[in-house]
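Asker: Take a look at the following structure, please.
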Amino acid sequence: MVSVVTRIFRLAAITPANIELAISVKVRPSQERFVSPVVKSLAEAYVHQEVAWPRLIFDGDRPVGFLMAFLDIDWDGQGVDFRSGLWRLNVMPDAQGRGVGRFAVESVAAEVRRRGGTRVYVTWEPGDDGPEGFYRKLGFQLTGEESGGQTVGVLNLTRFS
């Protein structure tokens, strides 16, 4: 009989008790140009408390990733186009390819749905070894937009209701 190990990931809010664990989450050196370090994300979350949703991803007691969502940001700066989505995703090298990223996207989608949203947005830096293939495989579609030189993708949650 073959034994299958099912990983059960969980999210945790960043607290004084786990901030050092959060900061310890790193990506592969070749991926550092595509995502900011967690410490920068936490600084941005502090400055943008009204829209930032930072979370540590655990596999058991071990941190394996970090995500930060943006919730209901004024995308166009005109008070017309409000969006929610995945702002940052950092996954430890030895945890990549094990479902952590998918769990992160699904967690953000669940939070966006809980708040009444129907779309999840993400931006990524184009380039070899970048995250575009990962996001496209999860169903994100290109919007044709760019934001700060990054490609914008959208996942329509009504397709998965």
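Read the figures in this text as sums done on the coordinates, not as results from a lab. Please read these numbers as outputs of a predicted model, since none were measured by experiment. Here Cβ is always computed from backbone atoms with ideal geometry, including for glycine, and neighbour counts include all displayed protein chains.
Asker: Compute the distribution of all C-alpha to C-alpha distances in segment 89-161, in bins of 5 Å from 0, and list the percent of pairs in each, rounded to whole numbers.
Answerer: It works out to 3, 15, 25, 25, 19, 10, 2, 0, in whole percents.
Asker: Please sort 54-66, 34-46 by packing, taking for each peptide the average over its residues of neighbouring beta carbons within 10 angstrom, highest first. Kindly include the intermediate steps, with their values, before the conclusion.
Answerer: Working: 54-66: 19.4, 34-46: 17.0.
Result, highest mean Cβ count within 10 Å first: 54-66, 34-46.
Asker: Taking only DSSP H segments of four or more residues, each worth -39500 (n - 2.57), what value at 222 nm results for the chain once the sum is divided by all its residues, to the nearest 500 deg cm²/dmol?
Answerer: Details: 4 runs with 36 residues, N = 161.
Taking each H run of at least 4 residues, the total per residue is -6500 deg cm²/dmol.
Asker: Give, rounded to the nearest 20 debye, the magnitude of the charge dipole that the chain has about its Cα centre when Lys and Arg contribute +1 at Cβ and Asp and Glu contribute -1 at Cβ.
Answerer: 640
Asker: Here's a follow-up. Taking just the C-alpha trace of segment 9-160, give me its Rg and Dmax in Å.
Answerer: When restricted to the Cα atoms of segment 9-160, Rg and Dmax are 14.6, 43 Å.
Asker: Right, something else. Among 127-133, 76-82, 148-154, how do they line up by average Cβ neighbours within 10 Å per residue, starting with the highest?
Answerer: Values: 127-133: 13.6, 76-82: 9.0, 148-154: 15.9.
Peptide ranking by packing, descending: 148-154, 127-133, 76-82.
Asker: While we're on this one: By average Cβ neighbour count within 10 Å, what is the ranking of 86-94, 15-23, 67-75 from highest down?
Answerer: 86-94, 67-75, 15-23
Asker: For Cα pairs less than 8 Å apart in space and 6+ apart in sequence, what is the mean separation divided by the residue count of segment 9-160, i.e. the relative contact order in percent?
Answerer: 19
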